[in-house]
Amino acid sequence: MRSGNSIIRLPRSVQKWLEAAAQELLNPPSGPRVDFSRPLGENALLPADSMSWRIFKNPLALLIGGLAAVILELAEPSVRTGVWEHSSFRSDPMRRLQRTGLAAMVTVYGARSVAEPMIARVVRMHSKIAGETCDGVPYAASDARLLTWVQATATYGFAEAYSRYVRPLNVDEYDRLFREGSAASTLYGAVQAPTSYAELQALFTSMRNRLEPSPIIFEFLDIMRKVEGFPVPLCWMQGTMVRAAVDIIPGSIRERLGLAPHLGLRNAERWLVRAAGAAADRILLPGSAPVQACRRVGMPTLHLYA
């Protein structure tokens with residue numbers, strides 16, 4: 001049932017079930033636990049009235065956008081080699097996605113004293129990763145050009161998933177989101193990350209000849225269709241969410257990567273994902289990072305749902 005303030009009120013048992021699923025999605029079993037409600041009164045890197053705070057609260061857009069971002073990362077040979085050889089995507093893909101999701105939530109909602117040290121740890125980890133692609137091209141994970149691609153595709157994935165499956169965003173809203181992300185991108189080392197939708201499109205154009213098809217992209221998609229570990233409420237949609245991620249890859253890049261139309265959403269599925277995304281935007285989970293962060297900075301619990 002939808003209330004006047006746009007919140008969907010659910011039975012308590014269902015609410016607890018969804019909250020547990022959301023916590024499971026962002027918290028690796030042996031990983032760190034982040035308390036987004038502390039320290040009281042401390043601001044995040046972004047203010048509570050930012051576009052980022054509203055978009056990142058949607059778990060469905062976050063998951064689909066994250067999958068799309070990985071597809072785009074794997075399209076770039078140096079990033080692909082670094083990701084595939086120096087991460088746990090093949091051995092433990094869910095934990096890798098959970099860590100990435102948690103890092104995104106801390107970057108947006110975490111107190112500054114929590115977010116900045118976390119980003120510094122990621123930067124130190126990247127400084128130790130280097131090697132050669134299968135074509136013998138040297139790469140380093142700390143390369144600002146590669147970091148720019150990773151940050152840009154992540155922002156694009158989250159924004160496009162929200163716009164396609166939750167609520168359409170206009171160009172001004174895209175621009176605002178990219179501007180908001182520039183401070184965090186700089187901390188991560190992506191000093192040339194796009195700050196507008198136009199700059200993003202220019203980056204896509206400049207990177208087009210560097211992107212290439214790879215069996216690894218299709219292996220990743222196959223892993224994500226089959227991997228166990230998705231929260232129970234999302235398991236039945238697992239394949240659909242993978243297709244939704246493929247669907248938001250820009251058409252020219254999809255064609256270049258050999259991502260055939262049948263790998264994207266079917267018409268009935270597109271309606272389903274949109275309905276689920278819109279509903280997810282109106283379900284308030286008291287223990288979630290966005291709600292805890294609102295309480296931390298003294299904002300009403302319903303702030304992001306008004």
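The values are calculated or read from the model by the stated rules, or taken from the named source; none is laboratory data. All values reported here derive from a predicted model rather than from experimental measurement. Here Cβ is always computed from backbone atoms with ideal geometry, including for glycine, and neighbour counts include all displayed protein chains.
Worth pointing out:
- Hey, Ile119 touching a residue at least 40 places away in the same chain (Cβ under 8 Å) and under 20 Å from the mean Cα position of the chain (by Cα) or not: yes
- Pairs where the first residue, in segment 1-30, is among the charged types (D, E, K, R) and the second is surrounded by 16 or more Cβ atoms within 10 Å (Cβ to Cβ) and modelled with pLDDT of 65 or more, C-beta under 8 Å, 6+ apart: Arg2/Ile8; Arg2/Arg282; Glu19/Leu285; Glu19/Ser288
- Those residues of segment 162-202 which are small (Gly, Ala, Ser), under 30 Å from Leu272 (Cβ atoms) and in a helix (DSSP H, G or I), in sequence order: Ser163
- Being without any contact (Cβ under 8 Å) to a residue 12 or more places away in the chain and either surrounded by fewer than 22 Cβ atoms within 10 Å (Cβ to Cβ) or under 30 Å from Val273 (Cα atoms) (or both) is a property that Thr133 lacks.
- In segment 66-93, the qualifying residues are those that are of a type outside the set (Ser, Thr, Tyr) and assigned to a loop (DSSP other than H, G, I, E, B), and the one that is farthest from Val242 (Cα to Cα) is His86.
- Yes/no for Ala68 being closer than 27 Å to Ile216 by Cβ, surrounded by 19 or more Cβ atoms within 10 Å (Cβ to Cβ) and touching a residue at least 24 places away in the same chain (Cβ under 8 Å): yes
- Matching option when the condition is in contact with a strand residue (DSSP E or B) (Cβ under 6 Å, 6 or more places away or on another chain) and at pLDDT 85 or above, among Pro47, Pro59, Pro77, Pro39: Pro39
- Test: residue in segment 44-62 that is surrounded by fewer than 21 Cβ atoms within 10 Å (Cβ to Cβ) and within 16 Å of the chain's Cα centre (by Cα): no
- Selected residue (criterion: modelled with the lowest pLDDT) from residues of segment 80-109 that are hydrophobic (A, V, I, L, M, F, W, C) and either surrounded by fewer than 17 Cβ atoms within 10 Å (Cβ to Cβ) or closer than 21 Å to Phe36 by Cβ (or both): Leu97
- From the options Val150, Val108, Val122, residue that is part of a helix (DSSP H, G or I) and touching an Asp or Glu at 6+ places or on another chain (Cβ under 7 Å): Val150
- Lone qualifier among Thr205, Thr301 - being more than 30 Å from Arg12 (Cβ to Cβ) and without any contact (Cβ under 8 Å) to a residue 40 or more places away in the chain: Thr205
- Within segment 156-177, the set of residues being surrounded by fewer than 22 Cβ atoms within 10 Å (Cβ to Cβ) and over 19 Å from Leu72 (Cα atoms) comprises Arg167, Pro168, Leu169, Asn170, Val171, Asp172, Glu173, Asp175, Arg176.
- The test for being closer than 20 Å to Ala61 by Cα and aromatic (Phe, Trp, Tyr) does not hold for Tyr188.
- Any chance Met237 is in contact (Cβ under 8 Å) with a residue 12 or more places away in the chain and either among the polar types (S, T, N, Q) or within 30 Å of Leu45 (Cβ to Cβ) (or both): no
For every residue, the table says whether it meets (1) surrounded by 14 or more Cβ atoms within 10 Å (Cβ to Cβ); (2) within 14 Å of Gly82 (Cβ to Cβ).
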site: Ala115; (1), (2): yes, no
site: Ile119; (1), (2): yes, no
site: Val123; (1), (2): yes, no
site: Ile129; (1), (2): yes, yes
site: Pro138; (1), (2): no, yes
site: Asp143; (1), (2): yes, yes
site: Leu146; (1), (2): yes, yes
site: Trp149; (1), (2): yes, yes
site: Ala154; (1), (2): yes, no
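- Residues that are aliphatic (A, V, I, L, M), within 18 Å of the chain's Cα centre (by Cα) and surrounded by fewer than 21 Cβ atoms within 10 Å (Cβ to Cβ), drawn from segment 178-199: Ala183, Leu187
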